[in-house]
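See structure below.
The values are calculated or read from the model by the stated rules, or taken from the named source; none is laboratory data. Treat the numbers as computed from the prediction; the structure is a model and nothing was measured. Glycine also receives a Cβ, built like all others from the backbone with ideal geometry; neighbour counts cover every protein chain displayed. With ligands, DNA and RNA removed, areas are computed over all heavy atoms of the protein, side chains included. Shrake-Rupley method; radii C 1.70, N 1.55, O 1.52, S 1.80 Å.
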Amino acid sequence: MSKRTAAKYKIDRRMGENIWGRPKSPFNKRNYGPGQHGQRRKGKLSDFGIQLRSKQKLKGYYGDLTEKQFRRTFSEAERLKGDTGENLIGLLERRLDAVVYRAKFAITMFASRQFINHGHILVNGKRVNIPSYRLKEEDVVEIRNKSKQLLVVDDAINNNERDAPDFLEVDYENLTAKFVRVPKLDEVPYPTRMEPNLVVEYYSKN
């Protein structure tokens, strides 16, 4: 489990965007960086700065992954056939915490990770408590019976901020979600623009 060292909403303000699209984000009212120097006018970012920001934004979106975790995922994406940026997104979306979040079984990516860590999730009938567990097509994720009545589950499912994407088949009556296929970049419902091609450029130079 990666340790989150910054509050999730500070990530929004650090990135200069409401990256999860949440109405509660303080970035909606304070659209400048955190800390006493956050309101200082920033100069134009260099190409390196733009690439770094793209990497940090993507890394932050998936629960503020550690650099080691993110770099390992990128290295796997490089080894796969096809476009490295698309492969990177596909690998990130196959993470169990991402699927639980996408299925609306948890209200945030961070809540999804905690929910999995606490043993509330089954994959193909077996309990899995590793948020980074990678799903395969046709795998079925479900909330275990003892956890289906939890208030946090009901709150997440009834939240109307977002909908489950087409690459999942979600059954809210039985609280199951089938991972139908690995999505392409344009199928992933990011509230802000993600640019994995710039992440590829960043790592190719560093």
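Looking only at region 119-162, filter to residues that are within 10 Å of Leu175 (Cα to Cα) and either touching a Cys at 6+ places or on another chain (Cβ under 8 Å) or in contact (Cβ under 8 Å) with a residue 40 or more places away in the chain (or both); which one of those is surrounded by the fewest Cβ atoms within 10 Å (Cβ to Cβ)?
Restricting to residues being within 10 Å of Leu175 (Cα to Cα) and either touching a Cys at 6+ places or on another chain (Cβ under 8 Å) or in contact (Cβ under 8 Å) with a residue 40 or more places away in the chain (or both), the top hit is Ile157.
Can Gly90 be described as of a type in the set (Gly, Ala, Ser) and either open to solvent by 60 Å² or more (accessible area, probe 1.4 Å) or over 17 Å from the mean Cα position of the chain (by Cα) (or both)?
In short, no.
Is it the case, given these coordinates, that Arg72 is open to solvent by 10 Å² or more (accessible area, probe 1.4 Å), basic (Lys, Arg) and in contact (Cβ under 8 Å) with a residue 24 or more places away in the chain? Steps first, answer last, please.
Numbers: open to solvent by 10 Å² or more (accessible area, probe 1.4 Å): yes; basic (Lys, Arg): yes; in contact (Cβ under 8 Å) with a residue 24 or more places away in the chain: no.
No, not satisfied.
Report yes if some residue within region 57-68 is open to solvent by 20 Å² or more (accessible area, probe 1.4 Å), in a loop (DSSP other than H, G, I, E, B), at positive phi and touching a strand residue (DSSP E or B) at 6+ places or on another chain (Cβ under 8 Å); otherwise report no.
The answer is no, given that none of the residues of region 57-68 is open to solvent by 20 Å² or more (accessible area, probe 1.4 Å), in a loop (DSSP other than H, G, I, E, B), at positive phi and touching a strand residue (DSSP E or B) at 6+ places or on another chain (Cβ under 8 Å).
Starting from residues that are outside any helix (DSSP H, G or I) and charged (D, E, K, R), keep the ones in region 75-88 and report whichever is nearest to Tyr190 (Cα to Cα).
Per the stated criteria, the residue is Asp83.
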